[in-house]
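A.B. asks: Could you have a look at this structure, given as structure tokens, before my questions?
The values are calculated or read from the model by the stated rules, or taken from the named source; none is laboratory data. Keep in mind it's a predicted model, so treat the numbers as computed, not measured. So basically every Cβ, Gly included, is an ideal-geometry build from the backbone, and we count neighbours across all protein chains shown. Keep in mind that these areas ignore ligands, DNA and RNA; they rest on the heavy atoms of the full protein, side chains included. Shrake-Rupley method; radii C 1.70, N 1.55, O 1.52, S 1.80 Å.
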Amino acid sequence: MACCALQIIGLIFGGVGMVGTLAATAMPQWRVSAHIDSNIVVFETIWEGLWMDCISQMGIRLQCKFYDSILALPPPLEAFRALMCIAVLLSIIAFLMAIVGVKYTHWTKEDPQGISIFMLAAGVAFLVTGVLVLIPVSWTGGSIIHDFYDAKVPTPLKRELGAALYVGWEMLLHGNVRPQKKNLTGMERNNSYQEIPVED
């Protein structure tokens, strides 16, 4: 019963991680315009994401535009797109494998090794997804911080950390790492069951 509870908890965290990965990939708030001047009235805010950039005017009007050409994008942005798309696909596959593993646990108790394979595969897939998300999110965050404190970068071009980066880091910790630990714990418990012969 405790083993099944751990697997269900891991499945829930995995679902949260999958949704968070999708959200971080789609959100345009990767890089947000920095308001450094002393003027408290901000007329427009610029958002830059993987797929589009948006301009919010006074928090009332929002205009977004997809990037015109894929070939004209900077190479890091193209790589971040590819990594996040692979992470989304892998998180979906991992979540489906976790569902199969949980259902298989409830259906049979006679093949703990089969249960372990499903849960181990799901755990490893979630862990790889976390690594794939960590690379573009942390790279972008480091670039933003470096440019912010670089005196050579003009003030209008300075950016701040956007909400999508925080979503990526949060989902990395709670959605993609914890399920792997839960699944491995369940695997160890399943492998610990052994038949003890009873003498008549």
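A.B. asks: Suppose the filter is open to solvent by 50 Å² or more (accessible area, probe 1.4 Å), within 28 Å of T129 (Cβ to Cβ) and modelled with pLDDT under 90; does I8 pass it?
C.D. replies: On the way: open to solvent by 50 Å² or more (accessible area, probe 1.4 Å): yes; within 28 Å of T129 (Cβ to Cβ): yes; modelled with pLDDT under 90: yes.
Yes; evaluated as a whole, the condition is true for this residue.
A.B. asks: Report whether or not T140 is modelled with pLDDT under 90 and buried (at least 18 other Cβ atoms within 10 Å of the Cβ). Walk me through it before giving the result.
C.D. replies: Numbers: modelled with pLDDT under 90: no; buried (at least 18 other Cβ atoms within 10 Å of the Cβ): yes.
Against the criterion (modelled with pLDDT under 90 and buried (at least 18 other Cβ atoms within 10 Å of the Cβ)), T140 does not qualify.
A.B. asks: Then there's this: Could you grab me the full set of residues in segment 145-200 that are modelled with pLDDT under 50, touching a helix residue (DSSP H, G or I) at 6+ places or on another chain (Cβ under 9 Å) and either outside any helix (DSSP H, G or I) or on the phi > 0 side of the Ramachandran plot (or both)?
C.D. replies: S192, Y193
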